[in-house]
Amino acid sequence: MKFKKYAKYLGVAALAFGLVTGCQSTGGSATTEAASTNEQAVQTIIADAKVALAEAKKGDYAWRDTGKIIKKAETALADGNTAKASSLATKALQQSELAKKQSIEQKAAVKKRFSQS
């Protein structure tokens, strides 16, 4: 009876050890790949934000802080803080898109106002 009890504990311990060892050997590369994928995604968002900001500048409606936010996102990414970098890059992209939209709406409003007179 005691032998079965100890054998059961020994089997559970061996299984736990095997799982921990197996997860450690594959977990590192999976984590590295995920971090690399996240960094690439953030770099893509930053690049998109830069393009959208350039388009907003063409329309003379770029917002004041958007460029600063992009630089902060790049710094956060360089420091390894992908969550902060992603948040900042997304914010910069949204601001650039809104600036382009504002440019289009204001041009239409000006055209409408002065074409009626």
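What residue, of ALA99, ALA83, ALA109, ALA52, is closer than 22 Å to SER36 by Cβ and part of a helix (DSSP H, G or I)?
It is ALA83.
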task = Output the qualifying pairs, or none if there are none: Cβ atoms under 7 angstrom, residues six or more apart or on different chains, first residue in the stretch 89-117 and closer than 12 Å to ASP65 by Cα, second residue at pLDDT below 90 and small (Gly, Ala, Ser).
result = SER96/ALA56; ALA99/ALA56; ALA99/ALA62
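The values are calculated or read from the model by the stated rules, or taken from the named source; none is laboratory data. Computed from a predicted model, the values in this text were never measured in an experiment. Glycine also receives a Cβ, built like all others from the backbone with ideal geometry; neighbour counts cover every protein chain displayed.
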